[in-house]
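Inspection log for the structure reproduced underneath, given as C-alpha cells.
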Amino acid sequence: MANITNGTVTVQVTGGVGPYQYTLLNAGSNTPVPSNAYPTFTNPKNSITADTFTFGNANDITGNSGLQAGSYIVKIVDSNLCETLSSVLVVSNATPAPTATPVPMPTATPVPEPTATDVPDPTATPVPTAEPTATPVPTAEPTATPVPDPTATDVPDPTATPVPTATPVPDPTATPVPTAEPTATPVPDPTATDMPVPTATPVPDPTATAIPDPTATPVPDPTATAIPDPTATPVPDPTATAIPDPTATPVPEPTSGYAFHLGNGGYPYAQDLINEGPLYKSDNSEAVDFADLFTDMQSNPGSYESVVTIPSLMNGIQIEYAQSSAQNYYWLLLPESMGIPDLTQEAKLADTQNMTPDVAGDKLITVIDGVPAVLYRINLQPSTEPVTIQYIDQ
C-alpha cells in the first residue's frame, strides 16, 4: 500500500547452533536499526530458536511493524558466539498502480432532454364571444402584493457608531513643579579645621620697641598658645587587610569506582570493550573510545545495563553484577587515586562460589572526566548469569 512502511527482510541460518540473536543493520553504515524506529519494533531479537527469522510485517497497514524502503544486513550470532552477516537485503519502494480500482464513466447517468416538459400554449385559453355587456368582466388588474423595499430597512450606518473618546492621558509634564528653589543643606567642608584664625589676635610689630603704656592692659603674646597640627590624626592604610587566596582550598579528587555487566546484548553492541569495536552510543553514533562511551553511559543510564558505584575497595568488599540480556563480560573501572595495585599482576579478585583469588583477564588505561583510571575485565567467561566478586587484600 502506498505511503505505508510494510517492508520485510527474511534470513535463514544453516550450520549454526541455536538459539540465535538476530540484529538488523543499515547496509550503508553497518549500524543497528534503533528499537524506536517503529512503534512495535525490537532490535536485536535475542534467544530465537528458529533458524529462519523475518524483520517487519508485510500485512501491517498501520506502519507500526513494517520496514521502510532501504538496504539492510542481518547479523546472526549463535549460542557458541559464532557470528555471520547476511548479504545486502533490499526493501523496494514499489507503489501499486493507481488504476486498480475502476472508475465509472461520468456519462452513465442519462440527462433528460430540456424539451421533455410540455409548455402550454398561451393562446390555448378560449376568448368568450358574448357581448361585452352580457357578463361583466372585471377590468381591474390585480394589485401586486407590495414587496418591502430592501433599502427601506433602517440599517445602521457602520460609520454611525460613535467613536469613544479617548480617556485623557495625564501629561507627564503636567505635574506641577515646585517653583521654590530648594534650600541646600549646608555640607560641612571636610577640609575645614575648626581652629582659631591666627590673624584674629593683633600681632605687635616685631621692629617696634615696646614702650610700656601705664594705662594699657598687657596683651599676651599670640605665639604663646600652641596650635595643634591638623595632620596629627593617622589615616589607616586601606590595603592593610589581607585578601585570602581563592585557590587556597584544594578540590578533592573523586575516588569512586564502577562495576557493570555489559557487552553485545544492547549498547555498545561489542562483547569485549577493550579489544572489539566499534562501540555504539545510545544515539547510534560511534564512540571515539571507551572514555567517550562511559560518559554516554552516565548521561543515558536507561540505554545500558545497570552500573554499580563502588565508593571504596578494601579487603572483604563484595561487588555484585546483575544478570544481563546477553552473554557479556564482567567489568571493573577503578580510578588510580584508590591506590589499587595492578589487578592483572596480583590475584585479589575471587568468585564467591569458590573464593579462589584470581588476577584480572585484561586491562585498559584510560582517563574519565580528567581522572586517570583503569578498566579491568574479570577473568570469567561471558555469561548472562549474575556473579558476586569479593576483593581479597591479605
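Does segment 348-394 hold any residues that are charged (D, E, K, R) and under 14 Å from residue 331 (Cβ atoms), and which are they?
Of segment 348-394, the ones charged (D, E, K, R) are 348, 351, 358, 362-363, 369, 377, 385, 393.
Listed by number, the residues that qualify are 362, 363, 377.
Listed residues 5, 40; which is modelled with pLDDT under 85, part of a loop (DSSP other than H, G, I, E, B) and surrounded by 13 or more Cβ atoms within 10 Å (Cβ to Cβ)? Walk me through it before giving the result.
Numbers: 40 fails: surrounded by 13 or more Cβ atoms within 10 Å (Cβ to Cβ).
Checking each option against the conditions leaves just 5.
Would a scan of segment 43-64 turn up a residue that is without any contact (Cβ under 8 Å) to a residue 60 or more places away in the chain, surrounded by fewer than 19 Cβ atoms within 10 Å (Cβ to Cβ) and closer than 16 Å to residue 284 by Cα?
Yes: one or more hits.
Inside segment 262-289, can you point out the residues that are farther than 21 Å from residue 35 by Cα and buried (at least 21 other Cβ atoms within 10 Å of the Cβ)? Don't jump to the end; show me each part of the working.
Step one: of segment 262-289, the residues farther than 21 Å from residue 35 by Cα are 272-276, 288-289.
The answer is 273, and nothing else.
Are any residues in segment 22-46 touching a Phe, Trp or Tyr at 6+ places or on another chain (Cβ under 8 Å) and farther than 20 Å from residue 64 by Cα, and if so, which ones?
If the condition is that a residue be touching a Phe, Trp or Tyr at 6+ places or on another chain (Cβ under 8 Å) and farther than 20 Å from residue 64 by Cα, then 27, 31 are the ones that fit.
For segment 277-394, give me every one of the strands (runs of 3 or more DSSP E) that falls completely inside it and has 1 or more residues that are of a type in the set (D, E, K, R).
318-321, 349-351, 362-368, 371-377
Yes/no per residue for (1) at pLDDT 95 or above; (2) in contact with a helix residue (DSSP H, G or I) (Cβ under 9 Å, 6 or more places away or on another chain); (3) over 21 Å from residue 81 (Cβ atoms):
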residue	(1), (2), (3)
280	yes, yes, no
295	yes, no, yes
303	no, yes, yes
319	yes, no, yes
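Mind checking which pairs have a first residue in segment 359-371 that is touching a residue at least 60 places away in the same chain (Cβ under 8 Å) and closer than 15 Å to residue 290 by Cβ and a second that is part of a loop (DSSP other than H, G, I, E, B) and among the hydroxyl-bearing types (Ser, Thr, Tyr), Cβ under 8 Å, 6 or more apart or different chains?
362/344; 363/344
From the list 327, 394, 318, 323, which one is loosely packed, with under 12 Cβ neighbours inside 10 Å and either closer than 18 Å to residue 260 by Cα or of a type in the set (Phe, Trp, Tyr) (or both)? I'd like the intermediate steps shown before the answer.
Values: 327 fails: loosely packed, with under 12 Cβ neighbours inside 10 Å; 394 fails: either closer than 18 Å to residue 260 by Cα or of a type in the set (Phe, Trp, Tyr) (or both); 323 fails: loosely packed, with under 12 Cβ neighbours inside 10 Å.
One residue alone meets the criteria, 318.
The values are calculated or read from the model by the stated rules, or taken from the named source; none is laboratory data. It should be emphasised that the depicted structure is a prediction, and the values quoted were computed from it without experimental measurement. Note that each Cβ is placed from the backbone with ideal geometry, even for glycine, and that neighbours are counted across all protein chains shown.
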